[in-house]
Amino acid sequence: MIPIELSEAASASLSILAILIASIFDLKYREVPDGLWALYAIPAVALTALRLSGAGAALWPSILSVALTSALSLGLYYLGAFGGADAKAFICLALSIPLNPSSLPCGGNFFHPFFPLTVISNSYLLSSSSIAYIAIRNIARALRDPGRGIFAGLEGEPAWRKAIALLTGYKMRLGDLASKGAFYYPMEEVTLDGGIRRRLRISPSAREEPGDYFKRLAELLGESEEVWATPGLPLLAFVAIALPMALLMGDILHGAVTSIIRALLR
């Protein structure tokens, strides 16, 4: 029987390698071949089964972890917050490392026993760093060109929609968006209703295929016209960082909150 420590290390190495490869595909093409997930899942299940054969008490918590991660991943996929590859990545991760590793240097810094859910939390926490970049980009543009309103054509939109747009997207030429459609999602709806009417939409879906939409807008408004768009963040690139961080440090948010509370109570 393979020692638990060796099996956990093998599962961790396999997961890091598979998600790193997937993140490269995600960065370059925003698509990941399905064959990669099969090559990941089969040995992942085998290693987990070997571990569980020597630790029967972990069987039902492991099954629960796979079920919770699968339900959350598929739910976020159908809501448009996950792409298909993101959902498959976390389901495979649950099959590979369903519970917090006992022998890896994560220091026990976890809020719950379900390791894949910690990686999801860490991934979204890391991806939120994009908000700072987007906000700085929009502020720089507003300062660089103060005479041209950043919300030209959208003056009637509510302030809260504009605030969300400033943190999640920026304006780009339709000609550029039409050629890079796979990497951006529309944040404007344009309709012909007694003239051209534009409105912000603040909930783009990761399941959309926006390339054709941007091409239609370019035909309608002209390629030089600018519209609001949000970058389709390659979540798997953040997962590729969040996974080893979780293995080494555990739950980032839990660790930060715990450290703050301890500091305040001193």
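The values are calculated or read from the model by the stated rules, or taken from the named source; none is laboratory data. Small disclaimer: the values here were computed from a predicted structure and weren't measured. Cβ placement follows ideal geometry from the backbone for every residue including glycine, while neighbour counts extend to all protein chains displayed.
Annotation: A10 fulfils all but one of (1) in contact (Cβ under 8 Å) with a residue 60 or more places away in the chain; (2) in contact with a Leu (Cβ under 8 Å, 6 or more places away or on another chain); the unmet one is (1).
Taking region 73-96 as the range and being in contact (Cβ under 8 Å) with a residue 60 or more places away in the chain and over 19 Å from the mean Cα position of the chain (by Cα) as the test, only S96 passes.
Total residues in region 183-201 satisfying the condition of being at pLDDT below 75 and under 17 Å from the mean Cα position of the chain (by Cα): the figure is 0. Note on region 205-233: residues that are in a loop (DSSP other than H, G, I, E, B) and at pLDDT 75 or above total 6.
Hey, among S53, S96, which residue is more than 30 Å from P210 (Cβ to Cβ) and at pLDDT 90 or above? First the steps, then the outcome.
Numbers: S53 fails: at pLDDT 90 or above.
Answer to the selection: S96.
Kindly indicate the residue of region 37-78 that is of a type in the set (V, I, T) and crowded, with 17+ Cβ neighbours inside 10 Å and also farthest from P116 (Cα to Cα) among those meeting that condition. Give the steps one after another, and end with the answer.
As a first pass, look at region 37-78 and keep what is of a type in the set (V, I, T): 42, 45, 48, 63, 66, 69.
Remaining after also requiring crowded, with 17+ Cβ neighbours inside 10 Å: 48, 66, 69.
Working: T48: 14, V66: 8, T69: 7 Å.
Of everything passing the filter in region 37-78, T48 is farthest from P116 (Cα to Cα).
State whether the residues of region 171-187 include one that is in a helix (DSSP H, G or I), surrounded by 18 or more Cβ atoms within 10 Å (Cβ to Cβ) and polar (S, T, N, Q). Talk me through it step by step, then tell me what you get.
Residues of region 171-187 that are in a helix (DSSP H, G or I), as a first pass: 174-179, 181-183.
If we keep only those that are surrounded by 18 or more Cβ atoms within 10 Å (Cβ to Cβ) as well, we get 174, 177-178, 181.
Restricting the remaining residues to those that are polar (S, T, N, Q) gives none.
No - not one qualifying residue is present in region 171-187.
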